[in-house]
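Data first, discussion second: the structure below is written as structure tokens.
The values are calculated or read from the model by the stated rules, or taken from the named source; none is laboratory data. Just so it is clear, the structure is predicted and the values come from calculations on it, not from any experiment. Every residue, glycine as well, gets a Cβ built from its backbone with ideal geometry; the counts of neighbours run over all protein chains shown.
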Amino acid sequence: MSTAAARPDPFPVDGWKRAGWVLLAAYVVYAAAQMDVSWDRVVSGLHNARHFFERLFPPNFSRWDLLIKGLAESLQIAVLASALGIALSLPIGLAASRNLVPAWMSWPARLLIVAARSFHPVIVAILFVKAVGFGALAGILALALASIGFTAKLFAEAIEEISLKQVEAVRATGAPFGSVIGIGVLPQVFARFIGFATYQLDSNLRNSTMVGIVGAGGIGGTLFAAFQRFDYDFVCAILISIIALIMLGELLATGVRAIFIDGASIADLFRRSPGAPAGRHARLPEDD
Amino acid sequence: MLSIKRLSKAYVAGKPVLIDIDLEIAARGITAIIGASGTGKSTLIRCINRLVEPTSGAIEFEGRDLVKLSRASLRQARRHIGMVFQEYNLVERLTVMENLLSGRLGYVSAWRAWRRKFPPADIARAFELLDVVGLAGFANQRADSLSGGQRQRVGIARAVMQQPSLLLADEPTSSLDPKTSVEVMQLLTGIARERGIPVIINMHDVELARRFSDRIVGMAGGKVVFDGPPGELTDGMLKSIYGGEDWLH
């Protein structure tokens, strides 16, 4: 029986952790000093912001034709980039899954995915603008590449988590490789793939409103020009339109997911109670 | 029919799981392989269709040595070997019908399989087999909505869809309750006898093995230690297969 004094302290002080926190706090103070973030700077900034927000409202929709053209181009960039990127992600993701293909095949595929992921879409868009010139093509290629980096990686990870027992059974029937993939593998990951694809479309829609800033097509170019000309009321109109577009995209993505993953019908989507498809979802968990 | 000669398997070099197995399987009849866990029963049965690659030895089936086959010829040979698994191994998100038809994948191109364009004759036979295994009306249900017993019935039907000349069953009843186990064994052995397909079954359950098989092979330590009709399987033999004796009484 050990005495109270002999027992170890259940909450020992960890000097290293404490030192870490102190260091972090010191760095924040130091960085703020370096960047000249002072109270006066905040006050003058807020003053400027007030002026800016006053000029934003009311939004000016008089140049609606320019607005619609930009939005339509952004939508086209997003849809085409998603279609291209997702279509390429299927074979690349499959090639990158270490449980189904030999290492000599999965390593190059993984390298390709890492390369596609390493730069922000805006940097890639700048590269493509330099390569293929101004316009929507550069935006499409940049976002398609970004889609591969995201979707193919998640798809490869989903394939690496499948049940190999189901694959083994299909293989044991003498099925060729293509059928093993189509019947033994894809049904296990299809629902998740639809999920990734809709998230990617959603994200491409957001990014397609931005690549225009570097000249790769879409509403971003219009937005940037409006900023530079201090047309803040038009800027406001553009921002409101982008919000509407993104919300529309989100609705669309939710609908696609409901149809493919929950097995809802088109009519279910317009029903008010979300309980009907949710009941089915309980039986079909997305990542079992 | 099937002749296994000096078959050895070592997952780790120097630690063999199977040691020089010699086994002849006749063109008819139910052979049960019994033995304690970890004696290589499952490895043996998986070496036959090369889900596990043998380390050495030969497996002659329909006049060819399965161990030496190229990938393409192995696929051809696998079409004639049906397999039933302990955990059913159905493709959970596919329907019962799709699972049955997956037994025909060796005969259908991948392109047709992706589009579900199976020959009408196969589909007709799948419906007949659903009747036989007592799952008429389940064709469009997803496999993950079935109970264990129902799943194993689908597993058996999928294997029979191959019109195999040999059936392998790896612990087909180990995940089922005693009553369902007997029903599944009745179904499996019934279909096999009716169609004249030889069956090799791995089993834990000695009583089930005695009841349903024509021949029992007892394995211990990666070797065959008993081979004979169920009647010859004495307590003494069981002792040498499983070790110890307290559990017998």
Near pairs, Cβ below 7 angstrom, 6+ apart or cross-chain, from segment B:137-159 (under 11 Å from B:Pro172 (Cα atoms)) to any residue that is of a type in the set (Asp, Glu) and in a helix (DSSP H, G or I) | B:Gly149/B:Glu183
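One line per residue, one yes/no per condition, for (1) touching a Gly at 6+ places or on another chain (Cβ under 6 Å); (2) surrounded by 16 or more Cβ atoms within 10 Å (Cβ to Cβ); (3) among the aromatic types (Phe, Trp, Tyr); (4) under 30 Å from A:Val189 (Cα atoms):
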{"site": "A:Arg18", "(1), (2), (3), (4)": "no, no, no, no"}
{"site": "A:Trp21", "(1), (2), (3), (4)": "no, no, yes, no"}
{"site": "A:Tyr27", "(1), (2), (3), (4)": "no, no, yes, no"}
{"site": "A:Leu67", "(1), (2), (3), (4)": "no, yes, no, no"}
{"site": "A:Ala72", "(1), (2), (3), (4)": "no, no, no, no"}
{"site": "A:Leu80", "(1), (2), (3), (4)": "no, yes, no, yes"}
{"site": "A:Pro102", "(1), (2), (3), (4)": "no, no, no, yes"}
Counting residues that are modelled with pLDDT under 70, which helices (runs of 4 or more DSSP H) fully inside segment A:213-288 reach at least 3?
-> A:275-283
Considering only residues of segment B:75-106 that are in a helix (DSSP H, G or I), facing chain A (nearest Cβ under 8 Å) and not charged (D, E, K, R), which is surrounded by the fewest Cβ atoms within 10 Å (Cβ to Cβ)?
-> B:Gln76
Taking segment B:11-59, which residues are in a strand (DSSP E or B), without any contact (Cβ under 8 Å) to a residue 24 or more places away in the chain and more than 27 Å from B:Glu194 (Cα to Cα)?
-> B:Val12, B:Lys15
Taking segment A:234-263 and keeping residues more than 21 Å from A:Gln200 (Cα to Cα) and in contact with a helix residue (DSSP H, G or I) (Cβ under 7 Å, 6 or more places away or on another chain) leaves A:Phe234, A:Val235, A:Cys236, A:Ala237, A:Ile238
Quick one: how many residues across segment A:97-137 are under 19 Å from the mean Cα position of the chain (by Cα), closer than 15 Å to A:Ile77 by Cα and among the small types (Gly, Ala, Ser)?
-> 1
